[in-house]
Amino acid sequence: MNLDLQLINLLIGLGALQGLIFGLILLFNRKHPGAVFLSIFMLTLAYNSFETFNWSSGLNLFVTDLFPFVSIYLLGPSLFLYLSSLQYPERKISTRYIFLIYALPIGQLFMRMLAVVYHVLWMNDYIQTELHPDYFNKIYFSYSEPLSVLVFIGFFVASVSYHRKQKLARPNRLLSKENQEKVIRWTKSLLIAMGILTILWPLTLIAPTIFDLPENEKYYPVELLLVSFIYWIAFAGYYQSRQIQLKTSRLSGVDEIEPEAEFIKLKNCMEQDKLFLDPELNLNKLAMQSGISSKVISSTLNQYHNSTFNDFVNGYRIAEAQSRLVDPAYQHLTISAIALECGFNSNATFQRVFKSKLNMTPKEYIAIQSKKVV
């Protein structure tokens, strides 16, 4: 085997190696939002570059010919999921949603596997038919490349939309203000680089129809661009992945992606199940009802919502009491009775909490509301 190690092939080969190393490093970075999706993105670029190095250098390993135009479909979805995780780290991405985003590359892999299996069975006479395997290959190659470009463009547009929304988003509890500013700058840099690729990639497909180029050479411009991108992101991306990291929980070591989802569960226990009406409600009881450990409940409320368990529950009790104090349906009850029905153990506790939250007594509140009605 005579390898053609001219400069362009060396650049492509080294770029593939660098992308592989950076992609593997990212797999073990738990603190950078969306690191696993950036890892898939980098490993895809590395594999694509290795495919190019395989044929351009004369290495000609058979394995890369089995599943062409499969991994390239991972680029757009991985970029989109990475930027989504980077800009909204408090949102837990469900497994179902991930499979939905990766539906096309999964489908492409399935189609190629069917073609390979059919080819093997046909060549070994396990299938007796005149339909040659090349028939399926022609169909596969006729749509795979242009569709991969369209898929990438679609996800690129969606990623740009996410970036614009981020500028108007509320402050993020899982990232410091400094890191939020870094996220915006890093996202912008990524999108500019991918925007250039979005323009040049379709031109690569159109160029052979305008210029008389050999089939393989038409890929060199876009491959060189991808390699340049790999070299850049390997350094810039590694630096950013070390700089942009989720806040570390000092209270319980809770997974940094979970608190928002856990808080929603706690709110549902209050707003839908009305657990706050139970005067015997305590941290352990709420843990049993919500399916969240008491340790996680305390950490979620304290670290991410600046609240204690008592403040959290009493907030709902006071809101319910405010409603009942002016509701004609409860006018036959005393203030003390309403307090007990809203989950307070005593009228004294109710009076104290009500005054601390509204800066007025229940009687004063009723008087003010009565004047508004009149």
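What are the pairs with Cβ atoms under 8 angstrom where one residue, in segment 231-247, is aromatic (Phe, Trp, Tyr) and the other, located anywhere, is part of a helix (DSSP H, G or I) and modelled with pLDDT of 80 or more? Sequence gap at least six, or different chains.
Tyr231/Gly15; Tyr231/Gln18; Trp232/Ala193; Tyr238/Phe22; Tyr238/Ile25
Restricting the search to segment 330-369, which residues are farther than 21 Å from Met270 by Cα and either in a loop (DSSP other than H, G, I, E, B) or not assigned by TED's automatic domain parsing to the domain that holds Asn314 (or both)?
Those that are farther than 21 Å from Met270 by Cα and either in a loop (DSSP other than H, G, I, E, B) or not assigned by TED's automatic domain parsing to the domain that holds Asn314 (or both): Gln331, His332, Leu333, Thr334, Asn359, Met360, Thr361.
When the residues of segment 169-208 are narrowed to those that are at pLDDT 80 or above and either in a loop (DSSP other than H, G, I, E, B) or of a type in the set (Val, Ile, Thr) (or both), which ends up farthest from Ile244 (Cα to Cα)?
Going through the qualifying residues, I end up with Ile199.
Hey, any hits in segment 217-239 for a residue that's at pLDDT 80 or above, acidic (Asp, Glu) and more than 20 Å from Gly23 (Cβ to Cβ)?
Checked segment 217-239: no residue is at pLDDT 80 or above, acidic (Asp, Glu) and more than 20 Å from Gly23 (Cβ to Cβ).
Do you know which residues across segment 302-320 are modelled with pLDDT of 90 or more and surrounded by fewer than 17 Cβ atoms within 10 Å (Cβ to Cβ)? I'd like the intermediate steps shown before the answer.
Within segment 302-320, the subset modelled with pLDDT of 90 or more is 309-320.
Those that are modelled with pLDDT of 90 or more and surrounded by fewer than 17 Cβ atoms within 10 Å (Cβ to Cβ): Asn310, Asp311, Gly315, Ala319.
So which of Ser299, Ser323 ends up being crowded, with 16+ Cβ neighbours inside 10 Å and free of Cβ contacts under 8 Å to residues at least 60 places away in the same chain? Write out each step before concluding.
Details: Ser323 fails: crowded, with 16+ Cβ neighbours inside 10 Å.
Residue meeting the stated conditions: Ser299.
Which is at positive phi and in the same structural domain as Ala158 (by TED's automatic domain parsing), of Gly58, Gly19, Gly13, Gly23? Write out each step before concluding.
Working: Gly19 fails: at positive phi; Gly13 fails: at positive phi; Gly23 fails: at positive phi.
Residue meeting the stated conditions: Gly58.
In this structure, does Tyr118 turn out to be among the hydroxyl-bearing types (Ser, Thr, Tyr) and modelled with pLDDT of 90 or more?
Numbers: among the hydroxyl-bearing types (Ser, Thr, Tyr): yes; modelled with pLDDT of 90 or more: yes.
For Tyr118, the condition - among the hydroxyl-bearing types (Ser, Thr, Tyr) and modelled with pLDDT of 90 or more - is met.
Can you tell me which residue in segment 72-96 is nearest to Ala35 (Cα to Cα), limited to those that are modelled with pLDDT of 90 or more and hydroxyl-bearing (Ser, Thr, Tyr)?
Restricting to residues being modelled with pLDDT of 90 or more and hydroxyl-bearing (Ser, Thr, Tyr), the top hit is Tyr82.
Yes or no: Phe53 under 22 Å from the mean Cα position of the chain (by Cα) and of a type in the set (Phe, Trp, Tyr)?
Details: under 22 Å from the mean Cα position of the chain (by Cα): no; of a type in the set (Phe, Trp, Tyr): yes.
For Phe53, the condition - under 22 Å from the mean Cα position of the chain (by Cα) and of a type in the set (Phe, Trp, Tyr) - is not met.
Name the one entry in Thr334, Thr308 that is under 17 Å from Glu262 (Cα atoms) and without any contact (Cβ under 8 Å) to a residue 12 or more places away in the chain. Spell out the reasoning first.
Details: Thr334 fails: under 17 Å from Glu262 (Cα atoms).
When all the criteria are applied, what remains is Thr308.
Given the condition under 23 Å from the mean Cα position of the chain (by Cα) and part of a helix (DSSP H, G or I), answer yes or no: does some residue in segment 56-68 qualify? Break it down stepwise before answering.
Here is the first cut: in segment 56-68, the ones under 23 Å from the mean Cα position of the chain (by Cα) are none.
Scanning segment 56-68, I find no residue that is under 23 Å from the mean Cα position of the chain (by Cα) and part of a helix (DSSP H, G or I), so the answer is no.
Between Ile40, Ile72, Ile93, which is surrounded by 13 or more Cβ atoms within 10 Å (Cβ to Cβ), of a type in the set (Val, Ile, Thr), assigned to a loop (DSSP other than H, G, I, E, B) and in the same structural domain as Phe155 (by TED's automatic domain parsing)?
Numbers: Ile40 fails: assigned to a loop (DSSP other than H, G, I, E, B); Ile72 fails: assigned to a loop (DSSP other than H, G, I, E, B).
Ile93 is the lone residue from the list that is surrounded by 13 or more Cβ atoms within 10 Å (Cβ to Cβ), of a type in the set (Val, Ile, Thr), assigned to a loop (DSSP other than H, G, I, E, B) and in the same structural domain as Phe155 (by TED's automatic domain parsing).
The values are calculated or read from the model by the stated rules, or taken from the named source; none is laboratory data. Quantities reported herein were computed from a predicted structural model and do not represent experimental measurements. Quick reminder, even Gly has a Cβ in these numbers, built from the backbone with ideal geometry, and neighbours come from all protein chains shown.
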